[in-house]
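Have a look at the structure below, then the notes.
The values are calculated or read from the model by the stated rules, or taken from the named source; none is laboratory data. Quick caveat: nothing in here was measured; it's all calculated off a predicted structure. Here the Cβ positions follow ideal geometry from the backbone for every residue, glycine too, while neighbour counts run over all protein chains shown.
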Amino acid sequence: MRRAVLTATAFVTALAIAGCDLVYNMIEERSGNVTILIINNTPYRASFTIGSYDAWDRNPPGRVEFEQRRLEAHSTEPTFGLACKRNIAIGTQALVDRILDTDGDDRSGFDADAFDDVVHFSSAPVDSTAAALPTVGTAQGIEVLLGVDFACEDELIFTFEEDPDAPGGFRIDFSVLHRKEYQ
């Protein structure tokens, strides 16, 4: 009995140290999809990989659902859906690692130039070999968490902005339209 009490106390202490975000991420219902809207407010083409996965599915690494996009300057990508999973990321090292761990880079049509832990911004012509390369800069990747930043069936909005104070000269802003707000 004493051992069970000590184990439970250690578990509660670990959760307190880890913070509420972990708890919210782990207990939020996970079913259905999320809708993704990407807006490029920059004067350059953005190239990136976006995906959804469950970071806690590690052995073996769980499946990742991902899209690769090249979004022209001052444009909005038509909305699309991704499976609702615990992590949604654009250009993070964790997303890159998960795609590599699950051999996602072997799929047909894989765009190696849009595959990185950052978003690429290019001023090269669309038919150039540098069309998806970071000729003018990059934006740090972003990850949002189920139960912390969004719920399943929400619309996630990612906006690319030019920002001379950000590493790489660009940033990604995130907002969410909760399903309860538009039902």
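Need a quick list: strands (runs of 3 or more DSSP E) entirely within segment 28-83 having at least 2 residues that are among the basic types (Lys, Arg) and either touching a residue at least 12 places away in the same chain (Cβ under 8 Å) or surrounded by 19 or more Cβ atoms within 10 Å (Cβ to Cβ) (or both).
In segment 28-83, 65-71 are the strands (runs of 3 or more DSSP E) which contain 2 or more residues that are among the basic types (Lys, Arg) and either touching a residue at least 12 places away in the same chain (Cβ under 8 Å) or surrounded by 19 or more Cβ atoms within 10 Å (Cβ to Cβ) (or both).
If a residue counts only when it is in contact with a strand residue (DSSP E or B) (Cβ under 6 Å, 6 or more places away or on another chain) and farther than 29 Å from GLY32 by Cα, which strands (runs of 3 or more DSSP E) contained entirely in segment 89-183 have at least 1 such residues?
Strands (runs of 3 or more DSSP E) meeting the threshold: 118-122, 137-140, 155-162, 169-177.
Looking only at segment 93-112, which residues are touching a Pro at 6+ places or on another chain (Cβ under 6 Å) and among the aromatic types (Phe, Trp, Tyr)?
Listed by number, the list is empty, since nothing qualifies.
Only one of these conditions is not met by ARG86: (1) touching a Phe, Trp or Tyr at 6+ places or on another chain (Cβ under 9 Å); (2) charged (D, E, K, R); (3) without any contact (Cβ under 8 Å) to a residue 24 or more places away in the chain. Which number is it?
In the conditions (1) touching a Phe, Trp or Tyr at 6+ places or on another chain (Cβ under 9 Å); (2) charged (D, E, K, R); (3) without any contact (Cβ under 8 Å) to a residue 24 or more places away in the chain, ARG86 misses (3) alone.
Consider segment 134-150. How many of its residues are more than 16 Å from ASN40 (Cα to Cα) and either touching a His at 6+ places or on another chain (Cβ under 7 Å) or crowded, with 21+ Cβ neighbours inside 10 Å (or both)?
So the count comes out to 2.
Which residue, of THR35, THR9, is modelled with pLDDT of 60 or more and on the phi < 0 side of the Ramachandran plot?
So the residue among THR35, THR9 that is modelled with pLDDT of 60 or more and on the phi < 0 side of the Ramachandran plot is THR35.
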